[in-house]
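The values are calculated or read from the model by the stated rules, or taken from the named source; none is laboratory data. Quick caveat: nothing in here was measured; it's all calculated off a predicted structure. Here the Cβ is made from the backbone with ideal geometry for all residues, glycine too, and neighbour counts use every protein chain on show.
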Amino acid sequence: MVTLEKRPTPSRFWAAATPIVAVILTMLAGGALFAVLGKNPFEAIRTIFWDPLFGEFAWYLRGQLLVKAGPLILIAIGLSLGFRAGIWNIGAEGQYIMGAVFGASVGLAAYPTESRLIFPAMILAGAFGGWLWGMIPAILKTRFNTNEILVSLMLVYVAEKILSKAALGFLRNPEGSGFPGSRNFKDYSAASNPELIAGTGMHWGVVAAFIAVIFAHILLQRHILGFQIKLAGQAPRAARFHGVNPARMIMLCLGISGALAGLAGVFEVAGPAGQISIDFNVGYGFTAIIVAFLGRLNPIGILLAGLLMALTYIGGEMASTNLGLPSAAIQAFQGMLLFFLLAVDVLTNFRIRMFAKGVA
Amino acid sequence: MDFGGINPAVLIASLMVASVPILLAAIGELVVEKAGVLNVGVEGMMIIGAICGFLTAVGTGNPYLGFLGGAAGGAALSLVFAFLTQALLANQVATGLALTLFGLGLSSLMGQGYNGIRPPLTGAVPFGPLADIPVLGVILFSHDWVVYFSIAIIAAVWWVLRYARAGLILRAVGENHDAAHALGYKVGRVRLLAILFGGAMAGMGGAYLSLIRVPQWTDGITQGAGWIALAIVVFASWKPWRVLIGGYLFGGISVLQLNLQASGSRIPVEYLSMSPYLITILVLVIMSSGQGRGGDRAALNAPAALGQNFHASR
């Protein structure tokens, strides 16, 4: 018989090792999946994890790494604060979309004025849009005790409808001869979010992501608020005795994660995506959930996890063009990673005893 | 008898059809939650059920086998959830999310090359002359078997939870797993069975979408139906018959907004199509908010051990 024995304190070794074990297991299971699809598993795994970094086109793809990792990290940092406090914001995708719509609206309203203030105003509007969308579940939760998981998720669908309304209606390019989608920000320098250093993929969103990592690290390690967030998640009763106001915690966590997701949205729409279109969002808000867990809700971990996840996006695109691997396979692959992560996490909190005797 | 181009009898008949997927998924999830397990991966199990059912039905040419395939697919995915949460004691919310993310990816992978194919037709149950009764015939006797099955399964769940010993054990496990364990009930086994039932029902609900409601395969076919099913369980305060009311309410809204879209209403399409989600939120607010001294009505009736993992230390 295999039995689990609870560890007195979580194992520090396994806490650090589980993400790595999970990635290895996912590679094995993913390889099996690709083999079932009739692809050479070794070639597929190499295309996804090795070629973007060291292969033939690495000079270009390495830059793409930051482009994809930026929004993932930015969103995941916000989510991790909530997850730590036991507040489940899973509607980051909606907050991301609303940030993009709000930010783009401000930018497009100013068109074609050239002013240095436009881009900062867009960023503020984007953060506000995401914050607003995050505050809806927060207020409903604190006022009416509504489940934030369901509300934040429902709002993703609402945001998608607003996005399509924006792309087809109120933000549509008036000179776009009736095609859906807004003006392209690449042609409007005051509002665009360009690559800062050519070839690196570094844009303002990536800078913001790095700043968010640093701030989150300080918040959680050095600040009383970070302590309260951790306490609220691990021991809600103790937190209340400590004077932590649960309502304030909810507002704060959902507000911060909404604002960060909104920022990611506006940076994306003004930069890599270039315009508001019906499907400019590619599910970063959902993938960021995996990133947050893979990074063990730790800012530095999230930074690494975001880069790894970005790698699977880029490698997945390569595998789909070079090997004909369906792009959905990568989505399944990412989901699988979360499964394995949750599965091996048992080692952090429990000891596994084989053939335990004497259990009455 | 038409109101603005909408015939009420046809509307009721079509809302009964529209609500079947969420009804099935919600009654399955109700049983799961009654056992004290919160599986938020309904959306993932539904979409896996949708594609498995579709592939089976197209492969065999038999729509009945399709529903069986859908149920099997949903149950298979729920088995992963059961293993992670019951054996490895993983966080239930996180595992449910993983189920959804994985299910969405895997389903679109499995559905490659099946877009645009029409599945074999599931006919209406032949009621003979009964179907020709004006108004009532359309509402009661014009449906496929799954519509009747969904009502029957709600009745069965209600009966089992209320009168059968199995239902009592299930509720005991969901209310206080330590006490149930002390009484000698196998908490893990009961929860495993509940999770499998929930998965099978969600899978069947998904299969109904791809085989009857749409009927074809498109990526992301569920469109949040699984999440609405979760909301309906809260709306129903974990009572089976209220699942039926909730399901028909949402079915009614989605059919009504589609009809309004079709009849060229002045409200823009985007606002109409976001209405089911907004109303879900509204209903959650009403059900969760305190009414006088009653406090949180929904939370009061929630199974006490909902979402907590059980680890028998001794």
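Could you check the range A:19-75 and list, in sequence order, the residues that are among the β-branched types (Val, Ile, Thr) and surrounded by 15 or more Cβ atoms within 10 Å (Cβ to Cβ)?
Selection gives A:Val21, A:Val23, A:Thr26, A:Ile45, A:Thr47, A:Ile48, A:Val67, A:Ile73, A:Ile75.
Only one of these conditions is not met by B:Leu38: (1) in a helix (DSSP H, G or I); (2) out of contact with any Pro (no Cβ under 7 Å at 6 or more places or on another chain); (3) hydrophobic (A, V, I, L, M, F, W, C); (4) at pLDDT below 95. Which number is it?
For B:Leu38, the failing item is (1).
Would you call B:Ala225 among the hydrophobic types (A, V, I, L, M, F, W, C), farther than 14 Å from B:Val40 by Cα and out of contact with any Ser or Thr (no Cβ under 6 Å at 6 or more places or on another chain)?
So B:Ala225 fails the test.
Quick one: would you say A:Glu175 is acidic (Asp, Glu) and within 14 Å of chain B (Cβ to nearest Cβ)?
Judged against the criteria, A:Glu175 is not a match.
Test each condition in (1) more than 7 Å from every other protein chain (Cβ to nearest Cβ); (2) within 24 Å of A:Val36 (Cα to Cα); (3) free of Cβ contacts under 8 Å to residues at least 24 places away in the same chain; (4) not in a helix (DSSP H, G or I) for B:Gln112 and report the one that comes out false.
Unmet condition: (1).
Using beta carbons and a limit of 7 Å, which pairs, at least six apart or on different chains, have the first residue in the range B:24-47 and within 19 Å of B:Val146 (Cα to Cα) and the second one among the hydroxyl-bearing types (Ser, Thr, Tyr) and part of a loop (DSSP other than H, G, I, E, B)?
Hits for this filter: B:Met46/B:Thr222; B:Ile47/B:Thr222.
Counting only residues that are more than 14 Å from chain A (Cβ to nearest Cβ) and aromatic (Phe, Trp, Tyr), which one in the range B:225-278 is surrounded by the most Cβ atoms within 10 Å (Cβ to Cβ)?
Among them, the one singled out is B:Tyr248.
When both residues are 6+ apart or on different chains and their Cβ atoms are under 9 Å apart, which pairs have a first residue that lies in the range B:77-104 and is more than 8 Å from chain A (Cβ to nearest Cβ), and a second that is surrounded by 23 or more Cβ atoms within 10 Å (Cβ to Cβ) and of a type in the set (Lys, Arg)?
Once the first residue is more than 8 Å from chain A (Cβ to nearest Cβ) and sits in the range B:77-104, its partners that are surrounded by 23 or more Cβ atoms within 10 Å (Cβ to Cβ) and of a type in the set (Lys, Arg) give B:Ala82/B:Arg191; B:Thr85/B:Arg191; B:Gln86/B:Arg191.
So which residues in the range B:140-154 are more than 17 Å from B:Ala200 (Cα to Cα) and touching a residue at least 60 places away in the same chain (Cβ under 8 Å), if there are any at all?
B:Ser142, B:His143, B:Asp144 - these are the residues of the range B:140-154 that are more than 17 Å from B:Ala200 (Cα to Cα) and touching a residue at least 60 places away in the same chain (Cβ under 8 Å).
Within the range A:127-153, count every residue that is in a helix (DSSP H, G or I) and without any contact (Cβ under 8 Å) to a residue 60 or more places away in the chain.
In the first step, residues of the range A:127-153 are kept if they are in a helix (DSSP H, G or I); the result is A:127-144, A:148-153.
Restricting the remaining residues to those that are without any contact (Cβ under 8 Å) to a residue 60 or more places away in the chain gives A:136, A:140, A:143-144, A:150.
Counting residues in the range A:127-153 that are in a helix (DSSP H, G or I) and without any contact (Cβ under 8 Å) to a residue 60 or more places away in the chain gives 5.
Need at least 3 residues that are in contact (Cβ under 8 Å) with a residue 24 or more places away in the chain and at the interface with chain B (Cβ under 10 Å from one of its Cβ atoms) per element, so show me which helices (runs of 4 or more DSSP H) inside the range A:249-360 make the cut, counting only ones lying wholly within it. I'd like the intermediate steps shown before the answer.
On the way: elements: A:284-294, A:299-322, A:327-344, A:346-349.
Hits in the range A:249-360: A:284-294, A:327-344, A:346-349.
Looking at A:Gly78, is it crowded, with 24+ Cβ neighbours inside 10 Å, small (Gly, Ala, Ser) and within 30 Å of B:Leu88 (Cα to Cα)?
Answer is yes for this residue.
Each row is one residue, and each column tells you yes or no for (1) of a type in the set (A, V, I, L, M, F, W, C); (2) at pLDDT below 90; (3) surrounded by fewer than 21 Cβ atoms within 10 Å (Cβ to Cβ); (4) over 15 Å from the mean Cα position of the chain (by Cα).
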residue	(1), (2), (3), (4)
A:Ile300	yes, no, yes, no
A:Ala305	yes, no, no, no
A:Gly315	no, yes, no, yes
A:Ser320	no, yes, yes, yes
A:Phe333	yes, yes, no, yes
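Looking at (1) buried (at least 19 other Cβ atoms within 10 Å of the Cβ); (2) within 14 Å of chain B (Cβ to nearest Cβ), which one does A:Ser105 not meet, given that it meets all the others?
(2)
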